[in-house]
Amino acid sequence: MTVLSRPAPPAPPATRHVPRWAHPAAHTITLLALPSGVWRLGLALGFHLGYTEEGYRTVCPPGFWGPGYLVLLAVLSEGAALLALGLVRPWGEVVPRWVPFAGGRTIPPAAVLVPAWAGVAVLAALWTPLAAWWSMPADDMTPTGHTVVGFLYLPLVAWAPLLAALAVAYRRRRGRVTNP
């Protein structure tokens, strides 16, 4: 009786050519979202964290949906940041073996680069204006709270350029992207 098994995929040679700066950059992205995420979790737990009473009710309305939204936003932000690791790790090039039906298959570069560049565009639109945080009005925050929140969100300004640099490095490593 012959047992058919799928041969082990060869290790992607491209992972050996990840630039030295790319791993720290990808890990930095995962850390950029943490301060604002922890702050959102604190708001969800009922702490005002720099908001006035009225401002807090606007950001986190009573009931399930106000805190639930903040927790979901914190988790999704950190999850999106963790995806940057796929641009420097083998699982961004070959589907891990444990994934049913697709394990071991090579991921087309476009399947990684299209979402990465879309992410760069969205992140740049969302977070670049925060570079001017201290010139923005903050009637619903205390002066100290406005300053602290500015420092918690300021790291997010670096997310889009770091992700763009990682996407360029991934593209160079994986070769020409062709249209299907």
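Any residue in region 104-125 that is more than 10 Å from Ala164 (Cα to Cα) sitting within a Cβ distance under 9 Å of a residue that is of a type in the set (S, T, N, Q)? List the pairs, counting only those 6 or more apart or interchain.
Taking only residues 6 or more apart or on different chains, the pairs are Pro108/Thr178; Pro109/Thr178; Ala110/Thr178; Ala110/Asn179.
Within region 129-180, count every residue that is under 28 Å from Glu93 (Cβ atoms), of a type in the set (Ser, Thr, Tyr) and part of a helix (DSSP H, G or I).
Qualifying residue count, region 129-180: 1.
Would you please name the residue that is least open to solvent (accessible area, probe 1.4 Å), looking only at residues in region 155-180 that are modelled with pLDDT under 90 and not charged (D, E, K, R)?
Result: Gly175.
Considering region 98-114 alone, what residues qualify as being exposed (fewer than 14 other Cβ atoms within 10 Å of the Cβ) and in a helix (DSSP H, G or I)?
Of everything in region 98-114, those that are exposed (fewer than 14 other Cβ atoms within 10 Å of the Cβ) and in a helix (DSSP H, G or I) turn out to be Ala111, Val114.
Please state which of the following conditions Ala138 fails to meet, knowing it meets all the rest: (1) free of Cβ contacts under 8 Å to residues at least 12 places away in the same chain; (2) open to solvent by 40 Å² or more (accessible area, probe 1.4 Å).
It is condition (2) that Ala138 fails.
Within region 4-31, which residues are open to solvent by 20 Å² or more (accessible area, probe 1.4 Å) and modelled with pLDDT of 95 or more?
Trp21, His23, Pro24, His27, Thr28, Leu31
Tally time: how many residues in region 96-155 are over 20 Å from the mean Cα position of the chain (by Cα) and among the hydrophobic types (A, V, I, L, M, F, W, C)?
Summing the residues that are over 20 Å from the mean Cα position of the chain (by Cα) and among the hydrophobic types (A, V, I, L, M, F, W, C) in region 96-155 gives 11.
Can you pull out every residue in region 37-52 that is open to solvent by 100 Å² or more (accessible area, probe 1.4 Å) and more than 18 Å from Tyr153 (Cα to Cα)?
The initial filter retains those residues of region 37-52 that are open to solvent by 100 Å² or more (accessible area, probe 1.4 Å), namely 45, 47.
Scanning region 37-52 gives a single hit, Leu45.
Just for region 61-95: of the residues that are part of a loop (DSSP other than H, G, I, E, B) and in contact with a helix residue (DSSP H, G or I) (Cβ under 8 Å, 6 or more places away or on another chain), which one is most open to solvent (accessible area, probe 1.4 Å)? Don't jump to the end; show me each part of the working.
First, the residues of region 61-95 that are part of a loop (DSSP other than H, G, I, E, B): 61-64, 88-89, 93, 95.
After this cut, where a residue has to be in contact with a helix residue (DSSP H, G or I) (Cβ under 8 Å, 6 or more places away or on another chain) as well, the list is 88-89, 93.
Values: Val88: 4, Arg89: 103, Glu93: 5 Å².
Residue satisfying both the conditions and the ranking: Arg89.
Touching a Pro at 6+ places or on another chain (Cβ under 8 Å) and without any contact (Cβ under 8 Å) to a residue 40 or more places away in the chain: does that describe Leu45?
Details: touching a Pro at 6+ places or on another chain (Cβ under 8 Å): yes; without any contact (Cβ under 8 Å) to a residue 40 or more places away in the chain: yes.
For Leu45, the condition - touching a Pro at 6+ places or on another chain (Cβ under 8 Å) and without any contact (Cβ under 8 Å) to a residue 40 or more places away in the chain - is met.
Since Ala125 meets every condition but one in (1) modelled with pLDDT of 95 or more; (2) of a type in the set (A, V, I, L, M, F, W, C); (3) under 18 Å from Thr30 (Cα atoms), which condition does it not meet?
Condition (3) is where Ala125 drops out.
The values are calculated or read from the model by the stated rules, or taken from the named source; none is laboratory data. Here the structure is a predicted model, which is why all the values come from computation and not from measurement. A quick note on method: Cβ atoms are made from the backbone with ideal geometry, for glycine too, and the neighbour counts reach across all protein chains shown. For the accessible areas, the whole protein counts, side chains as well, though only heavy atoms, and no ligand, DNA or RNA atoms are used. Shrake-Rupley method; radii C 1.70, N 1.55, O 1.52, S 1.80 Å.
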